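Below you'll find the structure, written out as structure tokens, and then a few comments.
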Amino acid sequence: MRIFAIALMCGAMVCFTGLDTSSKWLGLGLPVAQIVWARYAGAAVIAVAVARPWSQPAVLRSKRPGLQALRSLLLLGSTVSVVVALRQLQLAETATISFLTPIFVALLAGPLLGERVGGERSTAIAIGFLGVLIATRPGTSAFQPVVVVAIAGVVCNSGYVLATRKLAAFDSAPTTLLWTQAAGLVFLTPLLPWVWRWPQSIHVWLAMAGLGVFAAAGHGLLIVAHRFAPAPVLTPFSYTQLIWMIVSGFVVFGDWPPMATLAGASLVAACGVWLAIRERAGRSQLAT
């Protein structure tokens, strides 16, 4: 079943690439709040169709509603940060920064889950940050302050990942998928009358609809993947997203990442894979 879970994880990365590409393209003409709302509205429609709460209302009840609400808020913070950052950064650059997620997960696992960080983990975390510094080049004319916003989004996404990991033991995938959309709809829908900009073409409407499809499919695959394999097995395959982000950035926007971005991304990815291997080895020792 691990091969199946890995395939689901890789499929999720393709969906997230489509989500970021659509968000960046829409950001050329639409406000951030409208883009993020469209992503949540479309995903909510798909989640409701999949979960069918009218025929099985129990799917709406969570065993950990507080954690579900927090997870949804964290995803909203991550989504807003990414959409803001994508207005100025290349897809490959945002992907590189997003690779900090497993590193932040390792860092936050100590205070939140009681896991010991240790010297080896601390070293990998430091090297991972060095990779991001290489990719974003602070102190040079190539550095863009919006990188700070992207990193804040990674912190939110790390909390979202940890919450997803814990909820897999309590709630079903349809329940978690339904709760995922809650914060975005609750907080953004009231803003629409003040921010809405009417789409000028059918292509914009299709891209807005695509946000929901990519988001629901990506997060659905992610939730199911964690049910069939532990996080240390799946984490290394999250870095396949860089390939798709480079291809999409070049095809859609004509962007090709500089060597510094590729070098930094490689360093961050290597640290993330190493952390996943170490965590997997640690779990194997505990099991024996």
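Quick notes
- Residue in the range 183-201 that is in contact with a Ser or Thr (Cβ under 6 Å, 6 or more places away or on another chain), at pLDDT below 90, in a helix (DSSP H, G or I) and more than 19 Å from Leu86 (Cα to Cα) present: no
- Qualifying residue in the range 30-52 (condition: assigned to a loop (DSSP other than H, G, I, E, B) and surrounded by fewer than 18 Cβ atoms within 10 Å (Cβ to Cβ)): yes
- Scope the range 243-264; condition in contact (Cβ under 8 Å) with a residue 40 or more places away in the chain, surrounded by 15 or more Cβ atoms within 10 Å (Cβ to Cβ) and among the aromatic types (Phe, Trp, Tyr); matching residues: Trp244
- The set of residues in the range 204-237 that are among the hydrophobic types (A, V, I, L, M, F, W, C) and outside any helix (DSSP H, G or I) contains only Ala229.
- Restricting the first member to the range 57-84 and to residues that are within 17 Å of Val155 (Cα to Cα), and the second to residues that are basic (Lys, Arg), the beta-carbon pairs closer than 8 Å and six or more apart or on different chains are Leu67/Lys166; Thr79/Arg39.
- Members of the range 181-218 found to be in contact with a helix residue (DSSP H, G or I) (Cβ under 6 Å, 6 or more places away or on another chain) and within 21 Å of Cys10 (Cα to Cα), listed by number: Gly210, Leu211, Gly212, Phe214, Ala215, Ala216, Ala217, Gly218
- Every pair of residues 6+ apart whose Cβ atoms lie under 6 Å, when the first sits in the range 219-234 and is closer than 19 Å to Leu74 by Cα and at pLDDT 80 or above while the second is crowded, with 21+ Cβ neighbours inside 10 Å and of a type in the set (Gly, Ala, Ser): Leu221/Ala12; Leu222/Ala12
- Residue-level check: of (1) assigned to a helix (DSSP H, G or I); (2) without any contact (Cβ under 8 Å) to a residue 40 or more places away in the chain; (3) not β-branched (Val, Ile, Thr), Phe16 misses just (2).
- Of the residues Thr240, Thr176, the single one that is assigned to a helix (DSSP H, G or I), surrounded by 23 or more Cβ atoms within 10 Å (Cβ to Cβ), out of contact with any Pro (no Cβ under 7 Å at 6 or more places or on another chain) and of a type in the set (S, T, N, Q) is Thr176.
- Across the range 141-173, the qualifying residues are those that are of a type in the set (S, T, N, Q) and farther than 16 Å from Leu60 by Cα, and the one among them that is surrounded by the fewest Cβ atoms within 10 Å (Cβ to Cβ) is Ser141.
The values are calculated or read from the model by the stated rules, or taken from the named source; none is laboratory data. On a predicted model such as this, the values are computed, not experimentally measured, just so you know. Glycine gets a Cβ as well: all are built from the backbone with ideal geometry, and neighbour counts include every protein chain shown.
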